[in-house]
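The values are calculated or read from the model by the stated rules, or taken from the named source; none is laboratory data. Please read these numbers as outputs of a predicted model, since none were measured by experiment. Backbone-built Cβ (ideal geometry, glycine too); neighbour counts: all protein chains shown. The accessibility values were calculated without ligands, DNA or RNA, using every heavy atom of the protein model including side chains. Shrake-Rupley method; radii C 1.70, N 1.55, O 1.52, S 1.80 Å.
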Amino acid sequence: MSDRPEPAAIPQSSPGRDYQSHQAEIDAALRRALDSGWYILGPEVRAFEAEFASYLGLREGVGVASGTDAVELALRALGVGPGDAVYSVSHTAVATVVGVERTGAIPVLVDVDDATYTLDPASLAAAIAADPRPGGARPAAVVVVHLYGQPAAMTEVMSIARTAGLFVVEDCAQAHGARCDDRLAATWGDIAAFSFYPTKNLGALGDGGLVATDDAGLAARARELRQYGWRDRYVSAVAGMNSRLDELQAAVLRAKLPHLDEDNARRRAIAARYDARLGESVLGTPAVGPGVEHVFHQYVIRTRYRDNLMAWLHQRGISTAIHYPVPVHMQPAYAGRLPQVVELPVTERIATEIVSLPIFPSLSDHEVDRVVEAVLEWAQGIPRIEAGLGHAS
Ligand SMILES: *Cc1c(COP(=O)(O)O)cnc(C)c1O
């Protein structure tokens with residue numbers, strides 16, 4: 001037994017520590033919302049919708065209960081439903097595909113780019129060309145995911161979608177404040193979906209989501225749908241649902257929104273610190289596309305010996321995660337059930353190679369350096385692993 005204290009464990013994400021770094025403001029906001037006596041769709045939600053829409057430079061924000069609901073409501077506001085096909089990626093949070101299916105539409109999943117891990121425009125174009133009626137449905141929309149905090153190749157995606165007459169929904173659940181060519185994620189397509197799950201770049205202290213758009217008609221439809229289809233109170237103009245953002249979450253989000261850009265800058269600084277030391281190693285560090293301002297929801301590296309690396313880090317008190325270990329089209333709930341129009345070789349390969357290192361705004365430089373040291377020490381043992389000798393732990 002050594003008498004030196006064990007170094008503290010390093011989590012992969014830490015909503016608790018992120019809360020503590022803005023605690024006074026969040027507590028005051030919660031107090032205000034509690035004291036108001038109004039807990040659903042009140043002044044905090046209205047103010048947050050306006051403030052977040054203004055941050056995005058869009059006219060409309062509609063607060064909803066989750067990011068999954070935001071994907072569903074964005075599509076339903078566009079009129080997408082049964083009989084329609086919706087293109088998206090298999091390399092995403094399963095929530096993206098849940099949102100699509102909940103509309104009654106059929107998801108058609110395409111491959112991602114091998115360097116950026118976002119939707120591969122060539123695979124989308126190939127899927128559109130390969131089958132005019134995938135699963136017997138009429139192609140209606142694309143849900144493009146800005147994965148890990150990096151906007152997808154939107155110039156190409158928009159051009160392919162417009163040529164094919166498809167609506168474009170941006171899944172911005174990992175991309176609050178991300179930009180490409182000085183344009184914010186959420187401002188390319190017809191409508192965007194956000195999640196405020198606690199670990200997201202803008203996270204609540206519970207569930208939350210938002211639909212953002214410049215189109216007042218789409219926003220009005222999303223507003224009706226989120227509350228029983230009501231146009232006027234107690235009059236359901238359309239068949240809706242219940243998906244409301246609550247006042248407490250909206251108050252928390254209002255307290256955190258003014259810090260979003262600085263929190264994202266901190267994530268970028270952490271990523272740069274990782275890049276500076278790991279970029280020289282054999283590990284695949286994240287590729288950032290030209291003109292992209294990445295917000296590093298995740299910092300994802302790549303190695304054929306991923307499971308070995310995760311175990312090594314785990315032994316040293318460093319938590320990692322895989323986003324995502326099983327592509328959606330290979331999950332038990334979906335395998336063999338979705339129309340497979342194109343092959344997904346990149347998606348299937350990277351699922352076995354990717355690993356997300358710790359990253360969150362309150363992660364310290366010292367902790368980043370500890371992760372780096374541990375990864376580099378592990379990398380020195382790769383020849384042993386390749387020789388089938390395992391890794392000295
Ligand atoms: C988190 C996430 C969602 C879903 O958000 P919830 O609020 O958990 O429903 C959707 N898409 C992506 C890409 C996500 O990361």
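For the reader, a short list of remarks on this structure follows.
- Residues that are more than 18 Å from residue 261 (Cβ to Cβ) and either more than 10 Å from the ligand (Cβ to nearest atom) or without any contact (Cβ under 8 Å) to a residue 40 or more places away in the chain (or both), drawn from the stretch 193-205: 205
- Residues considered: 34, 30. Of these, the only one that is open to solvent by 60 Å² or more (accessible area, probe 1.4 Å), of a type in the set (A, V, I, L, M) and either closer than 30 Å to residue 241 by Cβ or not in a loop (DSSP other than H, G, I, E, B) (or both) is 34.
- The set of residues in the stretch 89-114 that are without any contact (Cβ under 8 Å) to a residue 60 or more places away in the chain and either out of contact with any strand residue (DSSP E or B) (no Cβ under 7 Å at 6 or more places or on another chain) or among the polar types (S, T, N, Q) (or both) comprises 98, 102, 103, 104.
- Subset of the stretch 188-201 [surrounded by fewer than 24 Cβ atoms within 10 Å (Cβ to Cβ) and under 14 Å from the mean Cα position of the chain (by Cα)]: 197, 198, 199, 200
- Inside the stretch 65-106, residues that are more than 16 Å from the chain's Cα centre (by Cα) and not small (Gly, Ala, Ser) make up a count of 13.
- Qualifying residue in the stretch 264-284 (condition: open to solvent by 10 Å² or more (accessible area, probe 1.4 Å), in contact with a Lys or Arg (Cβ under 6 Å, 6 or more places away or on another chain) and either within 13 Å of the ligand (Cβ to nearest atom) or at pLDDT below 95 (or both)): yes
- When residue 309 is tested against (1) touching a strand residue (DSSP E or B) at 6+ places or on another chain (Cβ under 8 Å); (2) surrounded by fewer than 18 Cβ atoms within 10 Å (Cβ to Cβ); (3) of a type in the set (A, V, I, L, M), exactly one condition is not met: (2).
- Just one of (1) away from the ligand (no atom under 13 Å from the Cβ); (2) part of a strand (DSSP E or B); (3) open to solvent by less than 10 Å² (accessible area, probe 1.4 Å) fails for residue 124. It is (2).
- Residue in the stretch 130-142 that is within 13 Å of the ligand (Cβ to nearest atom) and farther than 19 Å from residue 286 by Cα present: no
- Leading residue by the ranking (surrounded by the fewest Cβ atoms within 10 Å (Cβ to Cβ)) among those in the stretch 157-187 that are assigned to a loop (DSSP other than H, G, I, E, B) and away from the ligand (no atom under 16 Å from the Cβ): 182
- Among the residues making up the stretch 167-187, those that are of a type outside the set (Val, Ile, Thr) and closer than 16 Å to residue 71 by Cα are 167, 170, 171, 172, 173, 174, 175, 176, 185, 186.
- Scope the stretch 240-255; condition buried (at least 22 other Cβ atoms within 10 Å of the Cβ) and closer than 16 Å to residue 176 by Cβ; matching residues: 245, 249, 250, 252, 253
- Counted residues, the stretch 3-21 - those being touching a Gly at 6+ places or on another chain (Cβ under 8 Å) and over 21 Å from residue 262 (Cβ atoms): 5
- Single condition residue 310 does not satisfy, out of (1) over 20 Å from residue 270 (Cα atoms); (2) not in a loop (DSSP other than H, G, I, E, B): (1)
- Restricting 205, 210 to those that are modelled with pLDDT of 95 or more, under 25 Å from residue 94 (Cβ atoms) and not in a strand (DSSP E or B) reduces the list to 205.
- Residue match in the stretch 371-389 (condition: acidic (Asp, Glu), open to solvent by 30 Å² or more (accessible area, probe 1.4 Å) and under 27 Å from residue 198 (Cα atoms)): no
- Where a residue in the stretch 1-14 is open to solvent by 70 Å² or more (accessible area, probe 1.4 Å) and its partner, wherever it lies, is at pLDDT 80 or above, with Cβ under 6 Å and at least six apart: 9/317
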